[in-house]
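Rule-based calculations on the coordinates, nothing more; no lab input. Since this is a predicted model, take the numbers as computed values, not measurements. Don't worry about glycine lacking a Cβ; one is built from the backbone with ideal geometry, like all the others, and counts go over all protein chains shown.
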Amino acid sequence: MIDLLEFLKKMLTAPGLSGYESPIREILQEVWAPLTDELSVSKIGSLHG
C-alpha cells in the first residue's frame, strides 16, 4: 500500500510541463509497477499498463 500523502506530495512537486512529463511518468511507473503485469511507454510518452 502506498502512502497517499507522500504520493500526492511527489506528484505535486515534480516538474511536468506540457511536453516534458517524464518526471511524472516515472513516479506513476514506480507506483503502478506492483499493480500490473506489464507497463509500457508509447512513442509519444504515454504510460500504458
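Within the shell of other residues whose beta carbon sits under 13 angstrom from the beta carbon of Val41, the net charge comes to -1, with Lys and Arg scored +1 and Asp and Glu -1. The chymotrypsin sites (Phe, Trp or Tyr not before Pro) of region 1-45 that DSSP puts in a loop, and whose beta carbon has at most 12 other beta carbons within 10 Å, are Tyr20. Got a sec? Charge dipole of the chain, +1 on Cβ for Lys and Arg, -1 for Asp and Glu; which of His48, Leu17, Ala33 is way out at the positive end? About the Cα centre, the residue reaching furthest to the positive side is Leu17.
Loop-located GluC sites (Glu not before Pro) across the chain with a Cβ neighbour count of 10 or fewer within 10 Å are Glu38, with loop assigned by DSSP. Considering only DSSP states other than H, G, I, E and B, which trypsin sites (Lys or Arg not before Pro) in the chain qualify as loop sites with at most 13 other Cβ atoms within 10 Å? Here the trypsin sites (Lys or Arg not before Pro) that fit, given the DSSP loop and packing criteria, are Lys43. Remark: the chain carries a charge dipole of roughly 200 debye about the Cα centre, counting +1 on each Lys and Arg Cβ and -1 on each Asp and Glu Cβ.
How large, in Å, is the chain by the Kirkwood hydrodynamic radius built from its alpha-carbon pairs?
One decimal place: 11.5 Å for the Kirkwood radius.
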